[in-house]
Structures are given as structure tokens and as C-alpha cells.
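S.K.: Starting off with a structure, shown below.
The values are calculated or read from the model by the stated rules, or taken from the named source; none is laboratory data. Everything numeric in this text was worked out from a predicted model, so none of it was measured. FYI the Cβ positions are ideal-geometry reconstructions off the backbone, even for glycines, and counts take in every protein chain you see.
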Amino acid sequence: MGKNLKIFLGISYLLILISFLYFIFTNIEIGRLNDFTYYKELQSSLENFISTNIINNLIYFFFFAIIWVALLGFGSPLLIISGILFGQIIGTLISVISISVGALALYSIGNFFFRDLVKSILEKKFEKYIKLFQKNEFYYFFIYRFIGGLGVPFGLQNLIPILFGMNKMNYFLSSFFGFIPGFFIFNTIGAGLNSYIAKAENFSVIDLVFTPEIYSPILMFSVLMILSLIIKKKFFNGAN
């Protein structure tokens, strides 16, 4: 049963990825990718499409994000996309909620079907952190989410709590609140890209980098990374 489900999840992930890429490439004029006016046309069309029925589009994004994360999809592209589509605040809210639910779904699936497999692969590598999480799973997993998961790929981040049998409510809430700072920054970058394309007449890397909507979240991200390194050193590097 576990093996069959693993095959099913793998095939499902590939189908979703292929369908997504097919949709993108069949709706993009490859020959105009070096034409900035083309991006302005796309931005305008996309903005009109989203604004005509934002509730339905939020629902579509919500379920897509849950499925994507549950099938071990990357988190960062979703954050940029949600910022582009829905803006800084709404994009942050929808991505935090949907990705938290998707991560919980992946954790539940992994814990039920693949607990032994996950432990055999990850337990030795993260052995020194297990006792630390067990002291206060909500507190330390919140910190773990806040600092970006110790550099572990996002899909694996969502499975690590299987090693110490984390409570599902604690998993969801610590993920939800831990995600907010980083997700806000990525959504701000996405919203900034959208704003730059709408306002600029010509593309310039220098103008893009020095646009307040772009350099402000980049600075925030740099501060978050420095803070994360300090927190990691204080809480995790000394784990034994």
C-alpha cells in the first residue's frame, strides 16, 4: 500500500508539473521573451484576469498550493507568484495558509505511510536535533520554520517532524507563524516585480534593483538571514 501510494504521489507530482509547464509555455510567445513590452502586456492581462474574480482565483491558488506542497513541490516559486497575482498582503495571507495546510497534508501522509522510510533516511542526520524538538516541539519548530529550516530542502523540512512524532496542531500553528516573516518578504518581492513591470517603460537591471519595492524586501531578507544565522548558532548548533 505504501509503495503504491508513493508511486501514485510521484506520478501525480509529475503530471501536475508537466500540466503547469504546458500551460505556461502554450500561453507564452517564446519569440517575444526579450521584448519588455510583452511583459507589460502579460502583466496587464494577468491583473485584469485576477481582478475580475479574485475570490475564485484565490480558491484556485489555495488548492493548487496545497496539492503542490503535498507532492513535495518547491515553496519559493509559489511565494513569488502569489505576490505577483495578489499583492503583498493578500498574497502573504493566502500563501501562508495554503502552504501551511499543504505541509500538514504532506506530514500526515508521510507519517502514516512512510514513517519507517523517513526515519531510515533522516534519523541519523538529524539525530542531534530530535531531543531538542522533544523538549518543546512548538517553540523549536517555530524557530526552525522562522530560520528557513536549517537550509534543508522545503519538502524534507515538512517531513522531519516525523522523527519525533509531532502533534499535528502544533505542527500547523508553528509552521503558520514561523512562515510569516519569510513569506511576507518573498510576496513583497513578487508584488514589487509586478509594480515595476506596470510602471517602467524599459527594462533596466539597475532601475529594477534600486526600485524601493525591490530593494526594501531584499534588505529585509538580508536582515532575516543574519538573524537566522544568529538564532541557528544559539539554538541548534549546540544541540547534542
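S.K.: Quick one: which residue in Gly102, Gly83 is closer than 14 Å to Gln157 by Cβ and touching a helix residue (DSSP H, G or I) at 6+ places or on another chain (Cβ under 7 Å)?
M.R.: Exactly one of Gly102, Gly83 is closer than 14 Å to Gln157 by Cβ and touching a helix residue (DSSP H, G or I) at 6+ places or on another chain (Cβ under 7 Å), namely Gly102.
Conditions (1) at pLDDT 80 or above; (2) of a type in the set (Ser, Thr, Tyr), marked per residue:
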position	(1), (2)
Tyr39	no, yes
Glu47	yes, no
Thr52	yes, yes
Asn57	yes, no
Phe62	yes, no
Trp68	yes, no
Ser76	yes, yes
Ile81	yes, no
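S.K.: Please work out if Gly91 is closer than 22 Å to Val223 by Cα and crowded, with 21+ Cβ neighbours inside 10 Å.
M.R.: So Gly91 passes the test.
S.K.: Sort out which residues of the range 144-170 are aromatic (Phe, Trp, Tyr) and crowded, with 21+ Cβ neighbours inside 10 Å, and write them in order of number.
M.R.: Scanning the range 144-170 gives a single hit, Tyr144.
S.K.: I need the full set of residues from the range 171-229 which are buried (at least 18 other Cβ atoms within 10 Å of the Cβ), of a type in the set (Phe, Trp, Tyr) and under 14 Å from Thr92 (Cβ atoms), in order please.
M.R.: Passing the criteria: Phe176, Phe179, Phe183, Phe184, Phe186.
S.K.: Same structure again: Mind listing just one residue for me: the one in the range 1-37 that is within 20 Å of Ile197 (Cα to Cα) and assigned to a loop (DSSP other than H, G, I, E, B) and, of those, modelled with the lowest pLDDT?
M.R.: Across the range 1-37, the extreme among qualifying residues is Leu33.
S.K.: Which one of these is at pLDDT below 90 and farther than 22 Å from Leu122 by Cα: Ile197, Ile185?
M.R.: Ile197
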